[in-house]
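Here is the structure we will look at, set down as structure tokens.
The values are calculated or read from the model by the stated rules, or taken from the named source; none is laboratory data. The shown structure was predicted, so the numbers you read here are calculated from the model rather than taken from an experiment. In this analysis, Cβ positions are derived from the backbone assuming ideal geometry, glycine residues included, and neighbour counts consider all displayed protein chains. Side chains included, ligands, DNA and RNA excluded: accessible areas come from the protein's heavy atoms. Shrake-Rupley method; radii C 1.70, N 1.55, O 1.52, S 1.80 Å.
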Amino acid sequence: MKTRSLIFGFAIAGCAIRLAMPPCAEADVSQDEFNALKEAVRQQGEAMQKLGQEVEKLRQTHMTDEQKHQKDMEEIRQLREKLGETQRTAASAEQKAADAAVAAQMPPVSRVPIDEATVNHNFLILGDAEFQYAKTDGQHGSFLLADFAPIFLYRGGDNILFEAGFDFILQNNAPNSPGSTTTINLSFAQLDYLFSDYVTLAAGNLLLPLGTYSERSAGWLNKIPDNPLARSFLPGNGVGAELRGAVPVGENGKLLNYSVYGVNGPSSADGTGNASALDLGGNVGLRSDNAVANLHGSPSGGARVGWFFPYKPHYDFELGLSGQSGEWDNAGRHVWSAGVVDASLHLGPCFEAKGEYIRSWYGTDDHGNVRPDGWWAQVGYKLAGLNLEFPGVNNLELVGRYDFLRDGLGTRTRRYTVGGVYYLTNTLLFEGDYEFLNSNDPSQQDQFILQLSYGF
């Protein structure tokens, strides 16, 4: 009861005091003060944002420094490894030097000779085969011949090469002769020694560089089944020795190719100097009595020089000049000579043109000086260059050739050949052509020839 009275008393006293005090004044805030406060808050926010950006920059800088540190540590590790390798190499070199010094004091040991041919060699068989059907005007058509021409290549080391080519020919006999004839001819067989990148020595039965036809266009490489007429004025091969090679001119692929050779050369088939006895195949220095001696006193000498000029891929031009001269009759009274100008042109992968001018002259007993000459030009165009979509067109190449021959004994012949090549594959060719002849020799007639050729 006392406690309740005491609390009540305090309450009454507090009320009296509150009533006796003056009222408190309310705090008034102006618009300028509010704006100032707002501006202060904004500036403080910007300051906080800048502070955050600075903190982010510091964090990125720290990360970059950490990456550089890791890279520096990796480079230091690699340098230490290289230093270790260098030290090991130096130690090995010192050991080798010490071993060499010891070996130098020992007596020399004789070296066992090594046959390089048994250590490093390769053997290849290449070649071609042709099968011909011919129909001559006024005669029955016939399967004319089958020719198998393997080429054997042997590499007996880095500098020694051997190559030989043969022709196995099965051919129908002449009229009034029974059956057919099989012949085996050695086209060439030569040993090559490479002195350097620019000089090669060849010896044996050589393909003669009189023009380029014998070496680059005969056989399967020829896109027309038979040879140009004027090639009959030249020997295709000869027994002897030759230096040949090519020298670059500038840095754009231009070449100056050359060959210089000496061979037995043409000879007389019957020992006389009569024009009808000229044997372009020559002899190999063995008389009929088996004595080793040339049938005439001096061998033939010859040479060719050619300039090859490529001016962009698949575009090139080559011009060559070649010749050969030497005695041909057994008595040594007459000389046989020949000169050839050859040229070839490629305009892209689809167009090719080539040809030769051939001039020959030789002295005889019965006709005096005989001067045969002739020339031929051949062009080919692959229809793939037309970009046509017709079936089979891209496998076809059209070819044409013009021949002229004057044998120096009164016979003149012009021949126009048109035909084509169908590429069954890159190495299997079906060829066909028709030859129109205009000659004062009545035995020369128009002819139609088909040929299947395979190169391997």
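Key figures for this structure:
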item: Surface accessible to a 1.4 Å probe, residue 356 within the full protein complex, Å²; result: 10 Å²
item: Protection proxy ranking of 253-261, 123-131 - average other beta-carbon atoms within 10 Å, highest first; result: 253-261, 123-131
item: Solvent-free Debye scattering, log10 I(q)/I(0), computed from the Cα coordinates of segment 298-456 at q = 0.14, 0.21 Å⁻¹; result: -0.94, -1.30
item: Area accessible to solvent at residue 50, 1.4 Å probe radius, in Å²; result: 130 Å²
item: Heavy atoms of residue 63: accessible area, 1.4 Å probe, square angstrom to 10; result: 90 Å²
item: Whole-angstrom gap from segment 68-82 to segment 207-254, using each part's C-alpha centre; result: 64 Å
